[in-house]
Amino acid sequence: MNLPNKITVSRLGFTFIFMGLAAVSDKNPDHLIYWRVGYVLAIIAGMTDYIDGYLARKYDLVTDFGKLMDPLADKIFTVGCFVVLTSYDIVPAWVTILILAREFAVTGMRTLAAKSGEVIAAKDIGKYKTAFQMLVLALGGCFWVEWLEKTNDLYRIGWPIALYGTVAITIYSGWDYLWGSRKLYMSDC
């Protein structure tokens, strides 16, 4: 396994540790310490997405494993983070469900493609979607771990704009993937 693929797999490990730390109850007097450590690990996990892709392209280490696992690791990470933020009332449940539905649809399409012997690499719009989601998760995480107050204008005005902008690009990127690969699932109809 090459270095970019190891970094991709490490994102999964960071994600599971983050989820464990996020599960510490707010009734625990030290919960903010656990949450903040989890938040920092989530930021590191998010950065690995850019590092593995950069290294794979720069050193010509792009593999079919990486083309499949990188987007899958991204999905597990982002969906897990959105679930955490939903459980702490930072992100509305319908947003997380919509993002989860998009991720399942695209993953299903990739699975169908793999069954046909094709590997569908991430498109630029998917990379932008991931970047927007990561930025929204980083901002939402700051509200969750109380590094930013929920009473300021950033939360009241900026947060909804960032969140709904991310929803829009998530919907568009899902449509782009599904429409662009319609021959894969239309042939089975």
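Quick rundown of the values:
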{"read-out": "The one condition in (1) modelled with pLDDT of 95 or more; (2) in a helix (DSSP H, G or I) that residue 73 fails to fulfil", "value": "(1)"}
{"read-out": "Test for residue 131: is it surrounded by 12 or more Cβ atoms within 10 Å (Cβ to Cβ) and either of a type in the set (Lys, Arg) or closer than 30 Å to residue 31 by Cα (or both)", "value": "yes"}
{"read-out": "Matching option when the condition is surrounded by fewer than 18 Cβ atoms within 10 Å (Cβ to Cβ) and modelled with pLDDT of 90 or more, among 111, 63, 96", "value": "63"}
{"read-out": "Qualifying residue in region 88-95 (condition: without any contact (Cβ under 8 Å) to a residue 12 or more places away in the chain, in contact with a Ser or Thr (Cβ under 9 Å, 6 or more places away or on another chain) and either among the basic types (Lys, Arg) or not in a loop (DSSP other than H, G, I, E, B) (or both))", "value": "yes"}
{"read-out": "Neighbours by Cβ (under 8 Å, 6+ apart or cross-chain): first from region 47-70, farther than 23 Å from residue 138 by Cα; second of a type in the set (Ser, Thr, Tyr) and not in a helix (DSSP H, G or I)", "value": "56/63"}
{"read-out": "Condition met for residue 27 (surrounded by fewer than 22 Cβ atoms within 10 Å (Cβ to Cβ), over 13 Å from the mean Cα position of the chain (by Cα) and assigned to a loop (DSSP other than H, G, I, E, B))", "value": "yes"}
{"read-out": "In region 159-188, residue modelled with the lowest pLDDT [restricted to those that are among the polar types (S, T, N, Q) and surrounded by 11 or more Cβ atoms within 10 Å (Cβ to Cβ)]", "value": "181"}
{"read-out": "Odd one out for residue 161 among (1) of a type in the set (A, V, I, L, M, F, W, C); (2) under 29 Å from residue 182 (Cβ atoms); (3) assigned to a helix (DSSP H, G or I)", "value": "(2)"}
{"read-out": "Members of region 134-158 that are surrounded by 15 or more Cβ atoms within 10 Å (Cβ to Cβ) and part of a loop (DSSP other than H, G, I, E, B)", "value": "145, 148"}
{"read-out": "Any pair with Cβ under 8 angstrom, 6 or more apart, that starts in region 124-141 at a residue that is among the hydrophobic types (A, V, I, L, M, F, W, C) and ends at one that is surrounded by fewer than 20 Cβ atoms within 10 Å (Cβ to Cβ) and outside any helix (DSSP H, G or I)", "value": "139/148"}
{"read-out": "In region 1-24, the residues that are of a type in the set (A, V, I, L, M), touching a residue at least 60 places away in the same chain (Cβ under 8 Å) and assigned to a loop (DSSP other than H, G, I, E, B)", "value": "1"}
{"read-out": "Tabulated pairs, region 100-112, first at negative phi, second of a type in the set (D, E, K, R), C-beta under 7 angstrom, 6+ apart or interchain", "value": "103/75; 107/75"}
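Yes/no matrix, rows are residues, columns are (1) more than 20 Å from the chain's Cα centre (by Cα); (2) closer than 27 Å to residue 54 by Cβ; (3) among the aliphatic types (A, V, I, L, M):
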{"residue": "109", "(1), (2), (3)": "no, yes, yes"}
{"residue": "120", "(1), (2), (3)": "no, yes, yes"}
{"residue": "127", "(1), (2), (3)": "no, yes, no"}
{"residue": "131", "(1), (2), (3)": "no, yes, yes"}
{"residue": "147", "(1), (2), (3)": "yes, no, no"}
{"residue": "159", "(1), (2), (3)": "no, no, no"}
{"residue": "165", "(1), (2), (3)": "no, yes, no"}
{"residue": "172", "(1), (2), (3)": "no, yes, no"}
{"residue": "182", "(1), (2), (3)": "yes, no, no"}
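The values are calculated or read from the model by the stated rules, or taken from the named source; none is laboratory data. Treat the numbers as computed from the prediction; the structure is a model and nothing was measured. Glycine also receives a Cβ, built like all others from the backbone with ideal geometry; neighbour counts cover every protein chain displayed.
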